[in-house]
C-alpha cells in the first residue's frame, strides 16, 4: 500500500509541474482547505494530487468517492469514520490508507487532535467524474 502511494506521488513529481492554484472543495466540511498540487489525465482516468489540511475540530463532511483514493498522513491524526457507525480507524503521521470505490459505506474524515492534520491524497477517478460525492449524515 505504501509503495503504491509513494509511486503515485513520485509519478506526480516526474510527470507534471506543480500547480499552486486552489480549488473549491468537492465535499462540504468544516475547517478544511485543499490545494491542488498536480493533475493529469491518462486514457479514461483523471489523476489528482491534493494537499488537504484540516484544522483541529474540522471534518470533511460525509461523502464517498467514484474512484480510488490513496492517502498519506503527513502530520497529525486522521479519524476515519464509516457510515455503519461502528467502524472507526485512526491514522497517524506516516501511515497510509486507500479508499475503494466499491466500498458501499460512505465516510467522514475528522481532525480530533489539537494541531493541524495534513494529508497528501491521490485521486484516480473515471474521466469527467467528480472526486467525491456528498451523502447525507448517517447520524453517527
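The values are calculated or read from the model by the stated rules, or taken from the named source; none is laboratory data. Model, not experiment: these values are computed from the prediction. So basically every Cβ, Gly included, is an ideal-geometry build from the backbone, and we count neighbours across all protein chains shown.
Hey, any hits in segment 9-31 for a residue that's in a strand (DSSP E or B) and modelled with pLDDT of 90 or more? Yes, segment 9-31 contains a residue that is in a strand (DSSP E or B) and modelled with pLDDT of 90 or more.
Screening the candidates 87, 79 for the property of being surrounded by fewer than 13 Cβ atoms within 10 Å (Cβ to Cβ) and out of contact with any helix residue (DSSP H, G or I) (no Cβ under 8 Å at 6 or more places or on another chain) yields one hit, 87.
Please specify each residue of segment 110-127 satisfying the condition of being buried (at least 16 other Cβ atoms within 10 Å of the Cβ) and in a loop (DSSP other than H, G, I, E, B).
In the first step, residues of segment 110-127 are kept if they are buried (at least 16 other Cβ atoms within 10 Å of the Cβ); the result is 110-111, 113, 116-125.
Once the filter is applied, which keeps residues that are buried (at least 16 other Cβ atoms within 10 Å of the Cβ) and in a loop (DSSP other than H, G, I, E, B), segment 110-127 yields 111, 113, 116.
With respect to the stated conditions, residue 130 fails to be modelled with pLDDT under 95, surrounded by fewer than 18 Cβ atoms within 10 Å (Cβ to Cβ) and at negative phi.
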